[in-house]
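The values are calculated or read from the model by the stated rules, or taken from the named source; none is laboratory data. Because the structure is a prediction, the values reported are computed rather than measured. Positions of Cβ are backbone-derived with ideal geometry, glycine not excepted, and every protein chain shown enters the neighbour counts. Note: accessible area is taken over every heavy atom of the protein model, side chains too, but ligands, DNA and RNA are not part of it. Shrake-Rupley method; radii C 1.70, N 1.55, O 1.52, S 1.80 Å.
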Amino acid sequence: MTITPRRCPRSFVPTFLIAISAACAAHAGSIKTNDPPVATLADGRTGTIAFEAPTPKSSRELVSGKKTEKSVIAGLLTLPALVDVASASHAKIPAMVVVHGSSGVLRNDWDWAKRLNDMGIAAFVIDNFTGRGIVETATDRSRLSASADTAGALAALRLLATHPAIDPKRIGVLGFSRGGSVAIDSALEPIRRAVIDDDLRFAAHVAVYPGCSVTQVSAHLDGSPILMLLGGKDDYTPAPACLARADALRAKGASVSVVVYPDAYHGFDSKAPPHFSPRRTTLRHCQGATDLDKGVFTMQKDGQTVTGADAAAEFKACAERGVTLGGDPEAREKAPGEVAKFLKPIFALAQ
């Protein structure tokens with residue numbers, strides 16, 4: 001179902017935003033608007049907002065410094081109740097960019113947006129697919145480079161930082177599955193600097209069941225803390241690969257917290273029961289990385305490190321189809337609390 005809410009008026013009415021949040025929590029779908037893209041939110045607007053974002057074909061293209069194709073994508077910005085955009089004296093609030101997974105914007109994205117609003121945090125749910133002509137990448141990862149999703153999240157950060165109600169130093173990112181990988185990759189300085197030309201950075205990175213088998217690496221990080229929430233039975237984006245990535249990030253100086261829910265599958269925050277999805281592609285048995293500092297992509301094949309055409313061939317060959325998806329009551333109940341506990345000291349939220 002397509003969601004096309006209108007932009008909220010500058011004269012903010014709390015009940016209107018509450019209604020928007022409730023509507024978004026009830027539906028999944030793409031985010032569209034006929035409004036032209038904007039480069040600033042200085043007018044205090046909320047609701048559906050179009051903006052430009054780079055659409056690179058790979059992470060190496062993104063960080064190369066070369067001109068990259070741009071697309072117009074959209075997001076839906078909601079603020080907590082009782083925030084008066086028109087009041088110059090109102091204290092600025094924190095915000096989170098919410099990044100969907102390979103199925104596009106789903107109900108759980110809206111559920112999390114409402115939770116964030118309830119915590120006193122603005123939520124900007126972005127749609128990385130629709131504006132780029134993509135419906136889903138779950139059955140074909142080649143439709144869109146994940147680096148385009150990361151560029152979209154960073155473009156959203158840059159835009160949110162111009163909003164008069166939002167504190168630019170307290171903007172984080174929350175992503176799921178493919179979007180969870182975005183939440184981690186956006187902590188890498190070569191990627192951040194490719195989109196943002198000043199010191200603006202995410203203050204917190206929250207990755208929920210991210211993919212960690214084929215990653216981006218750099219010795220240079222943004223210094224902000226990272227939280228990973230993982231499913232112990234996840235056969236789509238397995239936890240062991242993310243535990244290894246957490247260790248690698250810590251070795252470079254990152255503060256990384258990890259929570260593993262032992263009985264949880266991929267999509268553990270969903271209310272749907274676990275079920276097998278035969279057409280989705282997974283890299284669960286792949287192992288590789290793009291070194292952004294050296295500009296080299298490597299894969300592991302038969303115990304050896306391969307590069308170039310061999311690495312590209314192995315990346316295609318190691319992919320499989322068939323994964324398990326579905327909610328886990330314990331993880332679904334505990335995950336919001338873990339995120340709140342992680343964000344409170346970073347955003348100085350009331351206890």
| Label-point gap, in nm, between Asp247 and Phe276 - each point 7 angstrom along Cα→Cβ | 3.2 nm
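Tell me, what is the per residue accessible area of the chain in Å², probe radius 1.4 Å?
Numbers: 14850 Å² over 351 residues.
Each residue of the chain exposes 42 Å² on average to a 1.4 Å probe.
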| query | In whole percent, what relative contact order does segment 47-134 give with Cα contacts below 8 Å and a gap of six or more residues? | reply | 34 percent
| note | Rounded to the nearest 10 Å², the accessible area of Asp235 using a 1.4 Å probe with every protein chain kept is 40 Å²
| query | Tell me, what is the percent relative contact order of the chain, built from C-alpha pairs under 8 Å that lie six or more residues apart? | reply | 14 percent
| task | On a 0 to 90° scale, report how tilted helix 107-118 is relative to the longest principal axis of the chain, with both axes built from alpha carbons and the result rounded to the nearest 10. | result | 50 degrees
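Excluding Ala39 itself, what net charge comes from residues whose Cβ is under 14 Å from its Cβ, given Lys and Arg +1 and Asp and Glu -1? Don't skip to the answer; put the middle values down first.
Numbers: positive: Arg45, Lys70, Arg158; negative: Asp35, Asp43, Glu52, Asp197.
For residues surrounding Ala39, the net value is -1.
For Glu69 and Asp293, what is the calculated FRET efficiency with R₀ set at 25 Å and r taken between the beta-carbons, to the nearest 0.05?
On the way: r = 24 Å, r/R0 = 0.96.
The calculated FRET efficiency here is 0.55.
On a 18 Å Cα-Cα criterion, which of the cross-link pairs Lys114/Lys334; Lys57/Lys316; Lys252/Lys294; Lys92/Lys344; Lys169/Lys334; Lys114/Lys271 come out too long?
Values: Lys114/Lys334 16 Å; Lys57/Lys316 16 Å; Lys252/Lys294 16 Å; Lys92/Lys344 15 Å; Lys169/Lys334 27 Å; Lys114/Lys271 16 Å.
From the list (Lys114/Lys334; Lys57/Lys316; Lys252/Lys294; Lys92/Lys344; Lys169/Lys334; Lys114/Lys271), the Cα-Cα distance tops 18 Å for Lys169/Lys334.
Below 8 Å, C-alpha to C-alpha, sequence gap of six or more: please give me the relative contact order for segment 75-201 in percent.
Numbers: 210 pairs, mean separation 41.2, N = 127.
Once normalised by length, the contact order is 32 percent.
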| query | What percentage of the solvent-accessible surface of segment 62-172, computed with a 1.4 Å probe over protein heavy atoms, is contributed by carbon and sulfur atoms? | reply | 52 percent
| request: Between Lys344 and His90, take the C-beta separation as r, use R0 = 22 Å, and let me know the FRET efficiency to the nearest 0.05. | output: 0.60
| said: What does the net charge come to around Pro56 if you take all other residues with beta carbon closer than 11 Å to its beta carbon, with K and R at +1 and D and E at -1? | reply: +2
| message | Using only Cα atoms and rounding to the nearest 10 degrees, what angle (0 to 90) does helix 14-26 make with the longest principal axis of the chain? | response | 30 degrees
| request: Take every DSSP beta bridge whose two residues both sit in segment 78-192, then give the antiparallel share in percent to the nearest 5. | output: 15 percent
| task | Would you please state which residues of segment 128-170 a label at Ala312 would reach in this model, taking the label point 7 Å out along Cα→Cβ and a backbone N cut-off of under 18 Å? | result | 141-147
| task | On a 0 to 90° scale, report how tilted helix 146-160 is relative to the longest principal axis of the chain, with both axes built from alpha carbons and the result rounded to the nearest 10. | result | 20 degrees
| How much of Glu189 can a 1.4 Å solvent probe reach, expressed as accessible area in Å² and rounded to 10? | 20 Å²
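State the extension gain, in nm to one decimal, for the chain segment bounded by Ser58 and Gln304, taking 0.36 nm per residue of separation less the distance between their alpha-carbons.
Values: separation 246, 0.36 × 246 = 88.56 nm, distance 2.35 nm.
Gain on stretching Ser58 to Gln304: 86.2 nm.
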| note | Taking Lys and Arg as +1 and Asp and Glu as -1, residues besides Ile196 with C-beta under 11 Å from its C-beta add up to -1
